[in-house]
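The structure follows.
The values are calculated or read from the model by the stated rules, or taken from the named source; none is laboratory data. Nothing here was measured: the structure is a model prediction, and the numbers come from that model. In this analysis, Cβ positions are derived from the backbone assuming ideal geometry, glycine residues included, and neighbour counts consider all displayed protein chains. Ligands, DNA and RNA are stripped out before the accessible areas are found, and what is left, the full protein with its side chains, is counted by its heavy atoms. Shrake-Rupley method; radii C 1.70, N 1.55, O 1.52, S 1.80 Å.
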Amino acid sequence: MTTGHVLLGLLVERPKHGYELKKEHDHRLAGAKPLAYGQVYATLQRLERDGLAEVVETQQEGGPERTLYAITDNGQAELERWLNTVEPSAPYVSSPLFARVAVAGNAADGYLVRQREAHLARMRELTAEKASGAPAQVLAADYALQHLDADLRWIETALARMKEHNNA
Amino acid sequence: MLEARGLGKSFGQTRALTDVSLTIAEGELVAITGPSGAGKSTLLNCLAGVVRPESGEVVLDGRRIDTLPEADLTKLRRESFGIVFQFGELVPELTAAENVALPMLFNRHGRQEAMTVAAQWLARLEVSDCADRRTGELSGGQRQRVAVARALVTGPRVIFADEPTGALDTIGGEQVMNALIGAARGSRTAVVLVTHDNRVAAYADREIALRDGAVLAGVRR
Ligand SMILES: Nc1ncnc2c1ncn2[C@@H]1O[C@H](COP(=O)(O)OP(=O)(O)O)[C@@H](O)[C@H]1O
Ligand SMILES: [Mg+2]
């Protein structure tokens, strides 16, 4: 439930409205998919149900926009627990890129060369964004760049293995 | 502006380059990528007039350069090209400013003028504080930025950089690349960048991918 924990993290500073939480989420997690409003309110309601957040103020006339949420003591404890939990290393490889190669085998080399170009084009965009980005964007771009680079290095190895096989 | 047509080069039995053609426009930033042994350095050295290809031609501004007599080629390299190597290759006994001034002295500029221009380039690359220190005392990242300043000081058409960040960590490499790319774009100098690191290649406008001495098929030139 990562989104819930991120919202709890944003509530530590002070109570906030859903609208504000969405904006801060999208800014701090630059490079991640922006949160839909529906998801913000659904998540806040779940946090409230679980006693991790509470409503501290509701404007009479307004819609849900006007509801001010705060983190509870249980919420603080849950946030602390999450921040210190080591993420398990993924036990399975799951990537559409890998799946294509698994299906096509040594005939995947043409596809891989084109995938390589697409990844490198994205890396150029991210590198350019980094030059003028705020610290949160630079961190997000670094993260994306290093993951794309890992894919590219795997593609390189896969191409070398396919070539070895096709020459044998 | 700079063009290679059908370049070939062998070292004994080793075929280092096979039929490599490419064009680099004024002010363009091009990465030559590929695994170790792919022929990247050989290609760069052929383009820079350091190694003579066995077949094909290298043409700068419409003039064939790979067949020039050695003295003319040396002069052309000094005036039109700047080179940055993996380990800076600075003179350790000289200060950073003296190292940067050196190419201008070779081109027969006065010492005072050379030192003034050197100071400007060191400032541009944010290593002014290193100006009076011997380059043997500098960090790897500082040395590389001094080497970039030295390559730019004569106002070359092209900078050739062979793994300029190869000996640096991520952030040190990033500083060198930002300095190199920023300075080159500002002065409309073309950059030919050899690297095996995709993250460094991503600073360039486009890529020439080499595999076993040839341009990788399927990749645009
Ligand atoms: N001066 C040389 N003498 C003999 N072999 C060389 C020389 N320079 C390069 N080679 C060989 O040519 C091939 C390409 O080398 P190089 O251009 O240095 O590749 P890269 O820079 O991509 O690692 C390699 O097999 C290398 O061993
Ligand atoms: Mg090399």
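Take every residue in peptide B:168-181, count the Cβ atoms of other chains within 10 Å of its Cβ, and give the average of those counts.
1
Once you place label points 7 Å from the Cα toward the Cβ at B:Ala71 and A:Val56, how far apart are they in nm?
Here the answer is 8.4 nm between the modelled labels.
Which value, in debye to the nearest 20, gives the size of the charge dipole of the stretch A:96-167 about its Cα centre, when Lys and Arg are +1 and Asp and Glu are -1 at the Cβ?
Charge dipole, the stretch A:96-167, about its Cα centre: 140 debye, nearest 20.
At a 1.4 Å probe, what is the % contribution of carbon and sulfur to the accessible area of the stretch A:96-167?
Ligands and nucleic acids excluded, carbon and sulfur give 58 percent.
Right, here's the next one. Filter the cross-link list A:Lys163/B:Lys40; B:Lys9/B:Lys75; A:Lys33/A:Lys163 down to pairs whose alpha-carbon distance in this structure exceeds 31 Å.
With Cα atoms farther than 31 Å apart: A:Lys33/A:Lys163.
Cα centroids of the stretch A:103-168 and the stretch B:148-184: how far apart, whole angstrom?
Going from one Cα centre to the other spans 23 Å.
Another one. So which aspartates and glutamates pass the test for A:Lys22, namely a Cα distance under 14 Å, with those fewer than 8 places away in the same chain ruled out?
Partners found: A:Glu65.
Quick one: order A:Phe98, B:Phe160, B:Phe106 from most to least accessible surface, probe 1.4 Å.
B:Phe106, A:Phe98, B:Phe160
Continuing with the same structure: Could you tell me which trypsin sites (Lys or Arg not before Pro) in the stretch B:43-137 are loop residues by DSSP with no more than 10 other beta carbons within 10 angstrom of their beta carbon?
Filter output for the stretch B:43-137: B:Arg108.
Related question: Helix B:170-186 against the longest principal axis of chain B: what's the angle in degrees, Cα atoms only, rounded to the nearest 10?
With both axes taken from Cα atoms, the answer is about 90 degrees.
When a/c is below 1.5 the answer is rounded, else prolate if a/b is larger than b/c, else oblate, so apply that to chain B with a ≥ b ≥ c taken from the square roots of the Cα gyration tensor eigenvalues.
Note, shape of chain B comes out prolate.
Do the sum for chain A: with -39,500 (n - 2.57) for every DSSP H run of n ≥ 4, divided by all residues, what is the mean residue ellipticity at 222 nm, to the nearest 500 deg cm²/dmol?
So the calculated ellipticity at 222 nm is -22000 deg cm²/dmol.
Amide H neighbours of B:Ala16 under 5 Å, at least 5 residues apart or on other chains, H built in the peptide plane: list them.
Placed amide hydrogens put B:Lys9, B:Ser10, B:Phe11 under 5 Å from B:Ala16.
Taking the Cα centre as origin and putting +1 on Lys and Arg beta-carbons and -1 on Asp and Glu beta-carbons, what dipole magnitude results for the stretch B:158-221, to the nearest 20 debye?
Dipole about the Cα centre, nearest 20: 380 debye.
Still on this structure, I have one more. Can you give the accessible area of B:Arg206 in Å² (nearest 10), computed on protein heavy atoms with a 1.4 Å probe?
For B:Arg206, the solvent-accessible surface is approximately 50 Å².
Moving on. Let me check against my output: what whole-number percent is the relative contact order of the stretch B:1-58, with C-alpha pairs under 8 Å and at least 6 apart?
Reported relative contact order: 44 percent.
For n ≥ 4 DSSP H runs only, could you compute -39500 (n - 2.57) per run for chain B, divide by its residues and tell me the 222 nm figure to the nearest 500?
Rounded to the nearest 500, it is -10500 deg cm²/dmol.
Would you pull out the residues with amide H under 5 Å of B:Ile32's amide H, same chain only if 5 or more places away, H placed 1.01 Å from N?
Correct list: B:Leu193, B:Val194, B:Thr195, B:Ile208.
To continue, here is another question. Name the residue from A:Leu145, A:Phe98, A:Met162 whose Cα lies farthest towards the positive end of the charge dipole of the stretch A:96-167, charges +1 on Cβ of Lys and Arg and -1 on Cβ of Asp and Glu.
Of A:Leu145, A:Phe98, A:Met162, it is A:Met162.
Further question: Which of rounded, prolate or oblate describes the stretch B:170-221 when judged by the alpha-carbon gyration tensor and an a/c cut-off of 1.5?
oblate
To continue, here is another question. Could you tell me the accessible area of B:Leu152 in Å² (1.4 Å probe, neighbours in place), rounded to the nearest ten?
The accessible area of B:Leu152 comes to roughly 0 Å².
Could you work out how far helix B:96-106 tilts from the main Cα principal axis of chain B, as a 0 to 90 degree angle to the nearest 10?
Value to nearest ten degrees: 60.
Can you give the angle from 0 to 90° between the axis of helix B:111-124 and the longest principal axis of chain B, with both taken from C-alpha atoms, to the nearest 10?
The angle comes out near 80 degrees.
Further question on the same structure: Nearest 0.05, what FRET efficiency do A:Tyr143 and B:Ala123 give at R0 = 30 Å with Cβ-Cβ as r?
The value I calculate is 0.35.
What number, in percent, do you get for the relative contact order of the stretch B:2-215 if the mean sequence gap of Cα pairs under 8 Å and at least 6 apart is divided by its residue count?
Averaging sequence separation for qualifying contacts and normalising by length gives 32 percent for the stretch B:2-215.
With a ≥ b ≥ c taken as the square roots of the eigenvalues of the C-alpha gyration tensor of chain A, please select rounded if a/c is under 1.5 and otherwise prolate if a/b is larger than b/c or oblate if it is not?
Judged from the Cα gyration tensor, chain A comes out prolate (a/c at least 1.5, a/b above b/c).
Label-point separation (nm) for A:Arg46 and A:Ala107, each offset 7 Å from Cα along Cα-to-Cβ?
4.2
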